[in-house]
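Novice: My questions will all concern the structure given below.
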Amino acid sequence: MLTLAWPAAAQQSAVVATVNGTPITDAMVREVVKSLIVQRDPPPSGDEIAQLGDAALDSLIDLELLYEAAQKEGIRVSDQEVQAEIARTKARVGGDAAFAAALKRSGMSEAQLAAETRKTFMVDRLIDQRVTKDIRVTPEATRAFYDQHQQEFQHPEQARVRELVVAVAPTATPAERAKARQLAVELRGQVRGAADFARFAKTYAADATAAAQGGDRGLVDRGTLPPAVDAVAFSLPLNQVSDVIESPAGYYLIEVTERRPAGVVPFADARSAVEKALLESERRQRQQAYLDELRKTAKIERPTPAHQ
């Protein structure tokens, strides 16, 4: 699957490439680069930004090639599918007003967004239906990869942790921290085990994923939790609710239901991840091979480098 969305193309700017006569502009490239830069920590250097520009242009060329192939293959996306995706986008950004503001900042109209959404769906459907639909990973290949890459399945000591967190802002005053601690103490008096963790996790889980799991963080490696919490997680008796644990982020209550010594993840536990990784690797290879074939017959012109 492609990871880059189609950028707004409303702005007039220099054409940096054409794909079978369809222009790709410097503005389109810059927009993709901007989306990549915000994902980088620390921010990229000037040389790295130039490299990102070249990579962005290559990605846009690939997208155009795939879109043209989707059209030739008769791939269709309904208006209902497009509008449903736009509705999901509106919900994600916070409603109609926030959506309209985001569109304005991007320089796109809703009609342009709908058109680009349809293109993206067509490309994804082309890849799913024509390029990668018959990919399979055999049990033998999965086992062979696991056996040949044992070093990748090493893990440190682990603990299965349930947690509740009364969060405290970094700028909290001593009085606010004291109030949060008192709330955690009161919460500790009400928590007796898994059922209570699940009940209170709706309000006090560290994140949405933990909330959905009833406060269960799953197996965590030693050293990944806040230091004070980590120390308790690897010393607390199993199935016992901790006292209130203070950390800079707030006040924690935890329960540890399992510990595992450092070692190798068993094949039974690793199988699903290995299968997923092998499938994704095969998808990437097939998509690249498909693109290589499309490029052989395409007319691609690049009059200027992407970063000029």
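Novice: Counting only residues that are of a type in the set (V, I, T) and free of Cβ contacts under 8 Å to residues at least 40 places away in the same chain, which one in segment 228-272 is surrounded by the fewest Cβ atoms within 10 Å (Cβ to Cβ)?
Specialist: In this case the residue turns out to be V232.
Novice: Looking at segment 176-215, which of its residues are surrounded by fewer than 17 Cβ atoms within 10 Å (Cβ to Cβ) and part of a loop (DSSP other than H, G, I, E, B)?
Specialist: Result: R192, G193, D207, Q213.
Novice: Test each condition in (1) more than 30 Å from D79 (Cβ to Cβ); (2) surrounded by 15 or more Cβ atoms within 10 Å (Cβ to Cβ) for R125 and report the one that comes out false.
Specialist: (1)
Novice: Can I ask one more? Out of all the residues in segment 78-91, is one or more within 20 Å of A17 (Cβ to Cβ) and assigned by TED's automatic domain parsing to the domain that holds R284? Show your work before the answer.
Specialist: Here is the first cut: in segment 78-91, the residues within 20 Å of A17 (Cβ to Cβ) are none.
The answer is no; no qualifying residue exists.
Novice: If I filter segment 274-282 for residues that are at pLDDT below 95, buried (at least 17 other Cβ atoms within 10 Å of the Cβ) and of a type outside the set (G, A, S), do I get at least one hit?
Specialist: no
Novice: Looking only at segment 147-160, which residues are in contact with a Gly (Cβ under 8 Å, 6 or more places away or on another chain) and either of a type outside the set (D, E, K, R) or exposed (fewer than 12 other Cβ atoms within 10 Å of the Cβ) (or both)?
Specialist: Listed by number, the residues that qualify are Q154, H155, P156.
Novice: If you don't mind, another one. Only residues in segment 93-117 that are at positive phi count as the first member; pair them with residues that are not β-branched (V, I, T), Cβ under 7 angstrom, at least 6 apart or cross-chain, and list the lot.
Specialist: Cβ pairs passing all conditions: G107/A8; G107/A10; G107/Q11.
Novice: To continue, here is another question. What do you reckon, is G218 surrounded by 17 or more Cβ atoms within 10 Å (Cβ to Cβ), in contact (Cβ under 8 Å) with a residue 12 or more places away in the chain and of a type outside the set (K, R)? I'd like the intermediate steps shown before the answer.
Specialist: On the way: surrounded by 17 or more Cβ atoms within 10 Å (Cβ to Cβ): no; in contact (Cβ under 8 Å) with a residue 12 or more places away in the chain: yes; of a type outside the set (K, R): yes.
Answer is no for this residue.
Novice: Surrounded by 16 or more Cβ atoms within 10 Å (Cβ to Cβ), of a type in the set (S, T, N, Q) and either assigned by TED's automatic domain parsing to the domain that holds Q287 or closer than 28 Å to L279 by Cβ (or both) - does that describe any residue in segment 45-57?
Specialist: Checked segment 45-57: no residue is surrounded by 16 or more Cβ atoms within 10 Å (Cβ to Cβ), of a type in the set (S, T, N, Q) and either assigned by TED's automatic domain parsing to the domain that holds Q287 or closer than 28 Å to L279 by Cβ (or both).
Novice: Among the numbered criteria (1) at pLDDT 95 or above; (2) buried (at least 19 other Cβ atoms within 10 Å of the Cβ), which one does S78 miss?
Specialist: Tallying (1) at pLDDT 95 or above; (2) buried (at least 19 other Cβ atoms within 10 Å of the Cβ), S78 fails exactly one: (2).
One line per residue, one yes/no per condition, for (1) among the hydroxyl-bearing types (S, T, Y); (2) buried (at least 18 other Cβ atoms within 10 Å of the Cβ); (3) not in a loop (DSSP other than H, G, I, E, B):
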{"position": "Q71", "(1), (2), (3)": "no, no, yes"}
{"position": "G74", "(1), (2), (3)": "no, no, no"}
{"position": "V82", "(1), (2), (3)": "no, yes, yes"}
{"position": "A87", "(1), (2), (3)": "no, no, yes"}
{"position": "K104", "(1), (2), (3)": "no, no, yes"}
{"position": "F121", "(1), (2), (3)": "no, yes, yes"}
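Novice: Considering only segment 131-144, how many residues are under 25 Å from the mean Cα position of the chain (by Cα) and in a helix (DSSP H, G or I)?
Specialist: Counting residues in segment 131-144 that are under 25 Å from the mean Cα position of the chain (by Cα) and in a helix (DSSP H, G or I) gives 2.
Novice: Pick out the one residue from L225, L236, L219 that is at pLDDT 90 or above, within 11 Å of V161 (Cβ to Cβ) and more than 30 Å from the chain's Cα centre (by Cα).
Specialist: The match here is L236.
Novice: Can you name the number of the only condition in (1) farther than 30 Å from Q154 by Cα; (2) without any contact (Cβ under 8 Å) to a residue 40 or more places away in the chain; (3) in contact with a strand residue (DSSP E or B) (Cβ under 9 Å, 6 or more places away or on another chain) that Q213 fails?
Specialist: Checking Q213 against (1) farther than 30 Å from Q154 by Cα; (2) without any contact (Cβ under 8 Å) to a residue 40 or more places away in the chain; (3) in contact with a strand residue (DSSP E or B) (Cβ under 9 Å, 6 or more places away or on another chain), the one that fails is (1).
Novice: Listed residues R192, R125; which is of a type outside the set (G, A, S) and within 30 Å of L66 (Cα to Cα)?
Specialist: Working: R192 fails: within 30 Å of L66 (Cα to Cα).
After applying the criteria, what remains is R125.
Novice: Same structure, new question: Considering only segment 248-270, state which residues are in a helix (DSSP H, G or I) and in contact with a helix residue (DSSP H, G or I) (Cβ under 6 Å, 6 or more places away or on another chain).
Specialist: Hits for segment 248-270 are F267, A270.
The values are calculated or read from the model by the stated rules, or taken from the named source; none is laboratory data. This one's a predicted model, so the numbers in the text were calculated from it and none came from an experiment. Quick reminder, even Gly has a Cβ in these numbers, built from the backbone with ideal geometry, and neighbours come from all protein chains shown.
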